Amino acid sequence: MRTVVRLLIVPFAAVLAVLLAGAPGAHAATDVSQVARELRENPVYVDPAASGQLAESDAEALADKIKDADKPVLVAVLPAGYPTQDLFRNLRTQTGITGLYGIHLGDRFDARADSSVMSRQAVSNLVAAAQDGGDTKAQLNDFVDDALRNVGGSAPSSWSDGSGTDVPVGGLITIGALVAAGGAGAYAVVRRNRRRHEEEQRAALEKLRVVVDEDITAFGEELDRLDFHPGEPGADDAMRTDYERALDSYEQAKSLMAAATKPEDVRAVTQAVEDGRFSLARLAARREGGALPERRPPCFFDPRHGPSVADATWTPPAGTAREVPVCAADDRRLAEGRDPEIREVDTDHGRRPYWEAGPAYGPWAGGYFGGGLLPGLLVGTMLGSMMAGPAYAADYGSGYGDFGGYGGGDVSGADFDPGDFGGGFGGGFGGGDFGGGGDFGGGF
């Protein structure tokens, strides 16, 4: 009897296994630790259960694009139904790489990043833009293309193919002889290139000086119009302190600009101007008996408009929507469907918005919109693309939020800010790490 039962059960089990293998979502989910191991060796991982979403050749092309750009962008394609509780945080912990992590799960997509390589606002903007794409391939390529222009840092060394060409000892000797023979010529080339670079920097600074001088002059005119006297009736120590700080900022800006020798020196100048304008805003509030203003960045469209009062949605031509800080006047213009008053500067192609004027304006904008704010504002603009390039930091300095080298690709293990990888997925997965917007303000 047992033999008969066995003969009946074995074929049934085999048929059941075949049916389950062909059923959607029947593959066991790959453990996060395995996904992390794969990402340490390659920037793109496609779970076997999600192989239908992205072909192997497309995954390889995406990985090659990331490697060629030498940026810390990691992409995982996972099947629908994959466990989502703390997924981003656990993946970041077990991968151990400082970078930008994008996860395509089922038919949804989201991303997180270490704040040292990209701000939360910038990540949110990238995700929103990627979600306008079509299938998985198009969506991921859009995300990676935008990310590579804006993410800071470089790729981890573990992604290198490690395939080098052995050089014979004789070849090394020959190379050494050639280097020695050509040393004098190489030194002359280096000196010539250095002089040309310095001349280009000086020329860029002179163009930038015109704009910065306009900023300083406008701030000085604000001080003149203020009509405040430290000894006037009603003036108190707090008012006098704000006024003195504004005056000090004005003098500091003039002094720093006079001493500037390269474009990156301008960042301290515009930062001083912005500090002074905030002091004036505080002084005005005290004199009027109103609440002191919160510290906000200046108006994105023209910092001469003063500190912003709100964040408004703005879409540049041929670009994606983003939240930008605006003054009251530009806030009204946008609400009424009119164009804001944009700061334009002289270029070789006529008057253009400052974000289309060239790389020297990176330090200028960096002083006004320092920290992690600037990349999200400049995503997709010419200036944003330039600042994301590998040569930018060498020419114009780093330190403008997430542009330039910020340690991306470093193997930091579990030593990272968990807040960067918390919150919900934003696409409504229903709880856990993938459920409801989290750090990105309510989702897609």
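The values are calculated or read from the model by the stated rules, or taken from the named source; none is laboratory data. As the structure is a computational prediction, the values presented were derived from the model and not from experiment. Cβ placement follows ideal geometry from the backbone for every residue including glycine, while neighbour counts extend to all protein chains displayed. The accessibility values were calculated without ligands, DNA or RNA, using every heavy atom of the protein model including side chains. Shrake-Rupley method; radii C 1.70, N 1.55, O 1.52, S 1.80 Å.
Ranking Leu148, Leu377 by solvent-accessible area of protein heavy atoms (1.4 Å probe, all protein chains present), from largest to smallest, gives Leu148, Leu377. Under a cut-off of 19 Å between alpha-carbon atoms, report the lysines in cross-link reach of Lys254, not counting same-chain residues fewer than 8 places apart. Filter leaves Lys207, Lys262. Per-residue extension of 0.36 nm, minus the Cα-Cα distance of Asp237 and Thr347, leaves a gain of 35.1 nm for this segment. Once backbone amide H atoms are built at 1.01 Å from N, Asp110 has Ile103, Leu105 as its partners under 5 Å, excluding neighbours fewer than 5 places away on the same chain. Annotation: amide H of Tyr45 within the under-5 Å range of Val75, Ala76, Val77, sequence separation 5 or more or interchain, hydrogens built in the peptide plane. In plain terms, the chain from Ala285 to Ala310 could stretch by 7.3 nm, reckoned as 0.36 nm per residue minus the Cα-Cα distance. Each of the peptides 350-360, 73-83, 294-304 was scored by the mean count of other Cβ atoms within 10 Å over its residues; in descending order, highest first, they stand as 73-83, 294-304, 350-360. A simple spin-label model places pseudo-atoms 7 Å from Cα toward Cβ; at Arg225 and Gln131 they are separated by 4.1 nm.
Using only the Cα atoms of the range 326-388, build the gyration tensor, take square roots of its eigenvalues as a ≥ b ≥ c, and label the shape rounded, prolate or oblate: rounded if a/c is under 1.5, else prolate if a/b is larger than b/c, else oblate. The shape class here is oblate.
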